1. H52 to K74: FRET efficiency via 1/(1 + (r/R0)^6), r the Cβ-Cβ distance, R0 22 Å, to the nearest 0.05?
2. Quick one: in the chain, what % of C-alpha pairs are over 20 Å apart?
3. With every protein chain kept in the model, how would you rank E76, E57 by accessible area, 1.4 Å probe, largest at the top?
4. With each run of n ≥ 4 DSSP H residues scored as -39500 (n - 2.57), what mean residue ellipticity at 222 nm is computed for the chain after dividing by its residue count and rounding to the nearest 500 deg cm²/dmol?
5. Output ³J(HN,Hα) for the stretch 36-42: one whole-Hz value per residue in order, computed from phi by the Karplus curve 6.51 cos²θ - 1.76 cosθ + 1.60 with θ = phi - 60°, and x for Gly and Pro.
6. Can you compute the equivalent ellipsoid semi-axes for the stretch 20-71, i.e. the square root of 5 times each eigenvalue of the Cα gyration tensor, sorted largest first and rounded to whole Å?
Amino acid sequence: MMGDALTAPRIIGGAPAAEGRYPYMISYREVGRRHVCGASLVAPDVALLAAHCQRFEAELHVNKYRLNETDPTKYERFLAQEYYMHPQYNYVS
């Protein structure tokens, strides 16, 4: 039973997307390390992510179909330059 839970889809009724179908999706990552949060490209040079994700120097992998992809020709990589936090965001609550 545990094996079924690990291989079951995480989105009920969802289906795998074709590679390149959502080029505005971003993997928000610790520099040189792992995926932390998803983000969306909302303008050519602006990404939107949840406020609780921004805790460290980050790089953005744009149009990365597989999170474990290591071929740098298959996605674009950028270092985050600036952050704008919503004035009512409270990290504690």
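The values are calculated or read from the model by the stated rules, or taken from the named source; none is laboratory data. What you see is a predicted model; the values in this text were computed from it and never measured. Here the Cβ is made from the backbone with ideal geometry for all residues, glycine too, and neighbour counts use every protein chain on show. Heavy atoms of the whole protein, side chains included, go into the accessibility calculation; ligands, DNA and RNA do not. Shrake-Rupley method; radii C 1.70, N 1.55, O 1.52, S 1.80 Å.
1. My answer for the efficiency is 0.20.
2. 46 percent
3. Ranked list, largest accessible area first: E57, E76.
4. Mean residue ellipticity, 222 nm, calculated: -1500 deg cm²/dmol.
5. Per-residue couplings from phi come out as 10, 8, x, 8, 10, 7, 10 Hz.
6. 16, 15, 8
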